[in-house]
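Taking it in order: structure first as structure tokens, then the write-up.
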Amino acid sequence: MSAPVEAPLAANPVEAVLRSFRMPHIWCPGCGIGTTVNCFARALEQSKLNLDKVVVVSGIGCSGRVAGYLDLDSFHTTHGRAIPFATGMKIANPKLTVVVYSGDGDLVGIGGNHFIHAARRNLDLKVICINNFTYGMTGGQMGPTTPVSALSSTTPFGCFEPGFNLPHLAESAGAVYVARWTTYHVRQLAHTMGEMLRKNGFSFLEIISPCPTLYGQRNRLGDGLAMMKHFKQQSVLRHGAPTKEVGIELQGPIAVGKFVDIERPSFLDVMNEQLGRTLEAEYAGCVKDHVPD
Amino acid sequence: MPEEAPPEAKKTKKVRGTVVINLARCKGCGFCIAFCPPQVLEFAEDYNPQGYHPPRLTDPDGCTGCDLCGLYCPDFAIYGIMLKNGAPPSAAREKSDES
Ligand SMILES: Cc1ncc(C[n+]2csc(CCOP(=O)(O)OP(=O)(O)O)c2C)c(N)n1
Ligand code: SF4
Ligand code: SF4
Ligand code: SF4
């Protein structure tokens, strides 16, 4: 027996930004990607941003499907190229809020070079990386974040390459905002996403997310729920921790929190300053189009 | 002397929140059930069209409408709302299209 309620299904806050006609989505039972979308929907709602000016860019992968399910101006680009696509968009139309929402393989494997250069430039992108420690969509291969000794379809005897510590990579390359949570931390995720939407510059959020189908089962971490409970148990809140200390090992502790939140002129700030100074009147007319609202 | 609220008002006040469930979308992951703070959800016995057991409220009076289930559900199949005196906020009141 449930309480008598007349509220419609459509009043679910996520529906405001969801292409509902495409549901059910392709994600497996217990996959964490959908959970992050709820957090993103709440962050957008609270941000009071004009959604006509918010764009979401994804690459390829299970995580890359997010763009296709969002009822925003969303772009499903080629593998690894979400950041260059987003870069062009932001520079051509600085008034847009540009969110890059993709997987670890997409963003820091094939797309790693774009990632470090966008951070170096401090381009105003909000980069959300779903880290499930594997290439989910293609069958659970080892990727740039797979922890040492983890099993994958391409490391049947255990991975022996060290994986990236993504917060450290982002900070070292120049990001002005760096945070990490797991899919267990839903309220924190919504809060952090809200902060990123307001931040000027390259902001990065790593979300540790369960891929029960291809990573969890192979590594005896159980189903999605067991992985969520594991994240809850293993997470250690470490706001402001030096990022070089927050690498993740298989079954080890997961440092979570906001690690970096600093100010540094963004790509567009510096571009406007430099071109305004050198081109003077010639550039003055363009400046108004190149200043974010 | 402080006035006692009439017994009916007390009773309706107890219902603080509830959930709206899209039964067909659920994939039975159990996130909503495991992480509901007052533990008022459980798997229903019935199957949905996809072959999963969706959640159901065990104790309607216990739900606070905190919407944590709505934040967790990876399939956008449930969300919580706060109730005022047992009724959903008027903006949200429309005909239910629950399937
Ligand atoms: C140029 C190119 N190379 C390889 C692929 C195959 N491919 C598709 S998705 C993917 C990996 C995705 O991994 P990740 O970004 O971690 O996302 P997940 O599926 O785990 O969410 C790969 C290698 C491709 N589509 N295009
Ligand atoms: S393969 Fe893994 S990442 Fe992809 S939908 Fe399934 S659980 Fe999610
Ligand atoms: S709204 Fe909160 S209290 Fe109610 S069922 Fe969902 S998680 Fe539990
Ligand atoms: S979280 Fe969603 S998909 Fe999972 S059991 Fe609850 S309603 Fe079903």
Taking the DSSP beta bridges in the protein assembly as shown as the whole, what percent of them are antiparallel, to the nearest 5? 35
For region A:14-262, the percent of accessible surface on carbon and sulfur atoms (probe 1.4 angstrom, ligands and nucleic acids excluded) is 54
Dipole of chain A, positive direction: furthest Cα of A:Gly252, A:Gly34, A:His79, with charges on the beta-carbon: A:Gly252
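Quick one: net charge around A:Gly222, please, counting Lys, Arg +1 and Asp, Glu -1 for every other residue with C-beta under 15 Å from its C-beta.
Working: positive: A:Arg218, A:Arg220, A:Lys229, A:Lys232; negative: A:Asp223.
Net of charged neighbours comes to +3.
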Rank A:Arg238, A:Arg120, A:Arg65 by mean-square fluctuation in a GNM of chain A with C-alpha springs under 10 angstrom and give only the top-ranked residue. A:Arg238
Rounded to the nearest 10 Å², what accessible area does A:Arg187 show when all protein chains are kept and the probe is 1.4 Å? 120
Return the single residue from A:Pro212, A:Pro24, A:Pro84 with maximal mean-square fluctuation; model: Gaussian network over chain A, springs between Cα atoms under 10 Å. A:Pro24
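So how strong a dipole does chain A carry about its Cα centre when Lys and Arg Cβ are +1 and Asp and Glu Cβ are -1, to the nearest 20 debye?
Details: 26 positive and 24 negative charges, 90 e Å.
That gives chain A a dipole magnitude of about 440 debye.
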Quote the total accessible area buried by chains B and A together, excluding ligands, DNA and RNA, probe 1.4 Å, nearest 100 Å². 3200
Can you find, among A:His25, A:Asn50, B:Leu68, the residue sitting farthest towards the positive end of the charge dipole of the protein assembly as shown, where Lys and Arg contribute +1 and Asp and Glu -1 at Cβ? B:Leu68
Cα centroid distance between region A:52-98 and region A:187-227, in Å? 19
Build a GNM of chain A with springs between Cα atoms under 10 Å: which of A:Glu249, A:Glu282, A:Glu273 gets the top mean-square fluctuation? A:Glu282
Could you do me a favour and compute the accessible area per residue for chain A, 1.4 Å probe, result in Å²? 42
How many angstrom lie between the C-alpha centres of region A:118-132 and region B:22-48? 34
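The values are calculated or read from the model by the stated rules, or taken from the named source; none is laboratory data. Predicted model only: the values in this text are computed from it and were never measured. Cβ sites come from the backbone with ideal geometry, for glycine too, and all protein chains shown count toward neighbours. When the accessible area is computed, the model is the full protein with side chains, heavy atoms only, and any ligands, DNA or RNA have been set aside. Shrake-Rupley method; radii C 1.70, N 1.55, O 1.52, S 1.80 Å.
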